[in-house]
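What follows is a short report on a single structure.
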């Protein structure tokens, strides 16, 4: 049967929230993480006012992690159970999800990525597509898996069939394709819409300064989750215009390296 893993780009890997600590303990195999290269960007303006990671097809490669699942995927129900556990871990507080939102919501969804070198059970991807088609927003009943909602500059991170629309990851140290995993699950969040492009380094840094909380960025950097943005680093002085505070306030972020 297929060997499954979780593709993580962000706080699921390091957050100390109790429900995420439990999820990592119960679902991820210890010491199995692999650093991989794949296209990621800071692209979603979160409810806290700072930017978080999104999958960004066509963008420069950054670094994320693959961690093997503890349990073997023996059946399709096993795969769905792992996906639902991942979505619960991705939620802000770990509280039960709506019956129509156990894999997705209006801000993100669980997606699947298949190893092109693996022989998967017949009908697996069709069964996945049929299952994700049932996911609906609990109020509007709009379908959750809509590639157009994840589209930036003509490229979407997901398909309507619930697949992650990026190439199979390669090791960040050797460039070799990951061969030990057959299926990857990942939580894809929607990029913030509005400008038709990803935010600039200056916009991202300004958001962190405004919230006085750069923890997400710092933890990502220290845990090997790096967005290589392909442009210069942001250099933002802490001014009253940016911070709403006196210029003498201690520097929280003065130079943020978003090029890795």
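Out of all DSSP beta bridges in the chain, what portion is antiparallel? Express it as a percent rounded to 5.
Values: 34 of 39 bridges.
Just about 85 percent of them are antiparallel.
Please report the Cα spread of segment 148-203 along all three principal axes, rounded to whole Å, starting with the longest.
39, 31, 18
In whole Å, how far is the Cα centre of segment 165-209 from that of segment 74-143?
19
Sort 128, 107 so that the residue with the fewest other Cβ atoms within 10 Å of its own Cβ comes first and the one with the most comes last. Could you put the intermediate results ahead of the total?
Details: 128 22, 107 13.
So the ranking, lowest neighbour count to highest, is 107, 128.
Taking a ≥ b ≥ c as the square roots of the Cα gyration tensor eigenvalues, with a/c under 1.5 meaning rounded and otherwise prolate when a/b beats b/c, else oblate, which class fits segment 1-97?
Numbers: a/c = 1.80, a/b = 1.26, b/c = 1.44.
Here segment 1-97 falls in the oblate category.
Output the relative contact order of the chain, whole-number percent, from Cα pairs under 8 angstrom with separation of 6+ residues. Let's see the in-between values first.
Numbers: 508 pairs, mean separation 67.1, N = 260.
Relative contact order comes out at 26 percent.
Highest mean first, what order results for 18-24, 184-190 on Cβ atoms within 10 Å? Kindly include the intermediate steps, with their values, before the conclusion.
Numbers: 18-24: 15.3, 184-190: 23.0.
Answer by packing, highest mean first, reads 184-190, 18-24.
What's the exposure ranking of 151, 69, going from fewest to most Cβ atoms within 10 Å? Display every interim value, and only then the final one.
Details: 151 18, 69 23.
Ordered from fewest to most neighbouring Cβ atoms within 10 Å, 151, 69 come out as 151, 69.
Taking Rh as the Kirkwood radius, which is the inverse of the mean 1/r over Cα pairs, what is the Rg/Rh value for the chain? If you can, show how the numbers build up before the last one.
On the way: Rg = 18.4 Å, Rh = 19.0 Å.
A ratio of 0.97.
Is it possible to state the helix-based mean residue ellipticity at 222 nm for the chain, with each DSSP H run of 4+ residues giving -39500 (n - 2.57), the sum divided by total residues, to the nearest 500 deg cm²/dmol? What is it?
-6500 deg cm²/dmol
Read-outs: derived from the displayed coordinates by stated rules, not from any lab. Keep in mind the model is a prediction, meaning the values are calculated, not measured. No Cβ is skipped: glycine too gets one built from the backbone with ideal geometry, and neighbour counts run over all protein chains shown.
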